[in-house]
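Contents: one structure, followed by commentary.
The values are calculated or read from the model by the stated rules, or taken from the named source; none is laboratory data. The shown structure was predicted, so the numbers you read here are calculated from the model rather than taken from an experiment. Note that each Cβ is placed from the backbone with ideal geometry, even for glycine, and that neighbours are counted across all protein chains shown. For the accessible areas, the whole protein counts, side chains as well, though only heavy atoms, and no ligand, DNA or RNA atoms are used. Shrake-Rupley method; radii C 1.70, N 1.55, O 1.52, S 1.80 Å.
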Amino acid sequence: MKTKLILILCLIGLISCEVSSVDTDDPNYVFDGRGGIKCKVDGKLIKPKVSFSGTGLAADVEFISWNNEEYLSVSFLNGGESPDFIHQSVRMKIIDVVPESIQVGNIYTLENEDNWNYGKYSYGGIDFNYSTNDLNTGELEVVFHDLENRILGGTFHYDAIDENGIIVEIREGEFDMKY
């Protein structure tokens, strides 16, 4: 009985733990790679679902080398915390960058996925059904970079459109994560 009670209390403690929330508008905010990521989708705040993969969040900032291409990928999955419990995903890809080339103040335009950097959004499925294009764009700005400790912080916003012409507004995006 005691063992079960201790196990239940430990699980409640783990579930109730919350990763600190990034707030780039706060002049006293200290970037430490644990602030996570968040944004508003059509005015509604979404955050990553909780996972047990180091950060505690279903979110990634990664520098990837694949198929003779170097790029930065920033993404997260909201685990059905929306009012209708539908999964939402946000992803941005910045091409031709490596950690050493990222500087504070860099602004990357999110445009057409065929040739450039892009932003994507998915609602309710595993496929990203909304994407930036030549007319519906946005930006990702680097506001903090600690190369030695592998911490990247920034802000982002963009408009993503689906095949029916419906536009989703991704706004007030912020992140503070380790890569």
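Data for the structure
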{"read-out": "Restricting region 52-72 to residues that are of a type in the set (S, T, N, Q) and surrounded by fewer than 16 Cβ atoms within 10 Å (Cβ to Cβ), the residue that is modelled with the lowest pLDDT", "value": "53"}
{"read-out": "Only listed residue being free of Cβ contacts under 8 Å to residues at least 24 places away in the same chain and under 19 Å from residue 105 (Cβ atoms), chosen from 148, 141, 174", "value": "148"}
{"read-out": "Qualifying positions in region 151-165 - in a loop (DSSP other than H, G, I, E, B), in contact (Cβ under 8 Å) with a residue 12 or more places away in the chain and open to solvent by 40 Å² or more (accessible area, probe 1.4 Å)", "value": "163"}
{"read-out": "Residue within region 123-143 that is under 22 Å from residue 40 (Cβ atoms), modelled with pLDDT under 95 and open to solvent by less than 20 Å² (accessible area, probe 1.4 Å) present", "value": "no"}
{"read-out": "Residue tally, condition hydrophobic (A, V, I, L, M, F, W, C) and at pLDDT 95 or above, over region 73-89", "value": "1"}
{"read-out": "Single condition residue 16 does not satisfy, out of (1) open to solvent by less than 80 Å² (accessible area, probe 1.4 Å); (2) modelled with pLDDT under 85; (3) not aromatic (Phe, Trp, Tyr)", "value": "(1)"}
{"read-out": "Residue match in region 104-113 (condition: touching a residue at least 12 places away in the same chain (Cβ under 8 Å), open to solvent by 80 Å² or more (accessible area, probe 1.4 Å), of a type in the set (A, V, I, L, M) and in a loop (DSSP other than H, G, I, E, B))", "value": "yes"}
